[in-house]
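Report on the structure given below.
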Amino acid sequence: MRSTPAIQQSLWFIVLVSALLASLATSWMLHKPVDYGYGFWYDQMDIRGHIDRFGPKNRYIRGFDDLDREQHLHLFGGIVDAVHAQGEGLAELEFTDDRGRTKPLLREPEIVHLQDVANLIDVLSVAGAVSLLIAAIGTFMLVRRRIAIQWKQQGLLLGGLLAAVGLVLLIAGPTAVFYQLHVWIFPDDHQWFFYYQESLMSTMMKAPDLFGGIGATIGFVGLLIFVGYLSLVRRLLKI
């Protein structure tokens, strides 16, 4: 029994959306080995100056501004490694100030929050793997059956989806969306907002600015991967 054109294009839409999500997940994983480009954003966003301004004002842990650029990058890399390892090692992150005193980088509320982030990363990793599996199997089956893509129709659907996301960001603002996602995702009794004066984590990340830069590069690279996938599918359907 042959499927109708509507069903065929619905299947392609599911596969294409899965491929888009898999492309973004792949981009995200490609950013991990380079610590999400923290060294680049450290310079571009003058995070050094931000640390010099708010480090001495920290209410709980002093001396973070004594460290140099490489030490800041090393500690950020430690956070990245920990949240990608189920949170293992967060409590062990520490630094030594100019007076030779060793201090923890993170307080308990920050460790709890980063553990929540680690748990979220585990979920997103599974979601990315599932998206990749759907995209790979779906593409193979549809191409094998020579089911053509209605490019104009699919372009309108995907374009509309991306436009809707962009419209939400434009109307609400990226920062508001960022904070609302935190409200929805993280437990109500876990602190996720930290003032610079109480958190070296927030200070070294210049939150939320850093996440905007990282999100932009992940999105850009992800779209490049997706365009490459579309080019491959177009070629396969012509063979």
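Test of the criteria: in segment 1-82, which chymotrypsin sites (Phe, Trp or Tyr not before Pro) are in a DSSP loop and have at most 14 other Cβ atoms within 10 angstrom of their Cβ?
Tyr60
Size of segment 49-187 along its principal axes in angstrom, Cα-based, largest extent first?
70, 34, 30
Which of the GluC sites (Glu not before Pro) found in segment 82-179 are loop residues per DSSP with 14 or fewer other Cβ atoms within 10 Å of their Cβ?
Hits after loop and neighbour filter: Glu88, Glu92.
For segment 85-136, which trypsin sites (Lys or Arg not before Pro) pass both filters: DSSP loop (anything but H, G, I, E, B) and at most 14 other C-beta atoms within 10 Å? Before the final figure, lay out each step's value.
Details: sites: Arg99, Arg101, Arg107; in loops: Arg99, Arg101, Arg107.
Answer in residue order: Arg99, Arg101.
Give the long-range amide H neighbours of Phe95: residues separated by 5 or more places, or on another chain, with amide H under 5 Å away, using H modelled in the peptide plane at 1.01 Å from N.
The list, which skips near neighbours in sequence, is Lys103, Leu105.
Got a sec to turn the phi values of segment 189-206 into Karplus ³J(HN,Hα) couplings, 6.51 cos²θ - 1.76 cosθ + 1.60 with θ = phi - 60°, whole Hz, x for Gly and Pro?
Values per residue, Gly and Pro as x: 8, 10, 5, 10, 9, 10, 5, 4, 6, 10, 9, 5, 4, 5, 5, 5, 9, 6 Hz.
Starting from the Cα-Cα distance between Thr96 and Leu11, subtract it from 0.36 nm times their residue separation and give me the gain in nm to one decimal.
25.0 nm
Need the full-extension length gain, Leu170 to Asp81, defined as separation in residues times 0.36 nm minus the C-alpha distance. One decimal, nm.
Here the segment from Leu170 to Asp81 would lengthen by 28.8 nm.
Could you work out how far apart the two model spin labels at Arg53 and Gln197 are, taking each label as a point 7 Å from the Cα in the direction of the beta carbon, and quote it in nm?
1.5 nm
Below 19 Å, Cα to Cα, which lysines can Lys57 reach? Residues fewer than 8 away in the same chain don't count.
Lys103, Lys206
Check the straight Cα-Cα distances from Lys152 and name the lysines below 24 Å, setting aside those fewer than 8 residues away within the same chain.
Lys238
Using R₀ = 30 Å, calculate the FRET efficiency as 1/(1 + (r/R₀)^6) where r is the Cβ-Cβ separation of Asn119 and Trp151; round to 0.05.
E(calc), rounded to 0.05, equals 0.15.
Can you list the DSSP H helices in the chain whose Cα atoms extend at least 30 Å along the helix axis and whose mean Kyte-Doolittle hydropathy is -0.5 or higher?
Helices meeting the span and hydropathy rule in the chain are 5-31, 108-144, 151-172, 209-238.
All of the numbers you see were taken from the coordinates with simple rules; none came from a lab. Source: prediction; values computed, not measured. Positions of Cβ are backbone-derived with ideal geometry, glycine not excepted, and every protein chain shown enters the neighbour counts.
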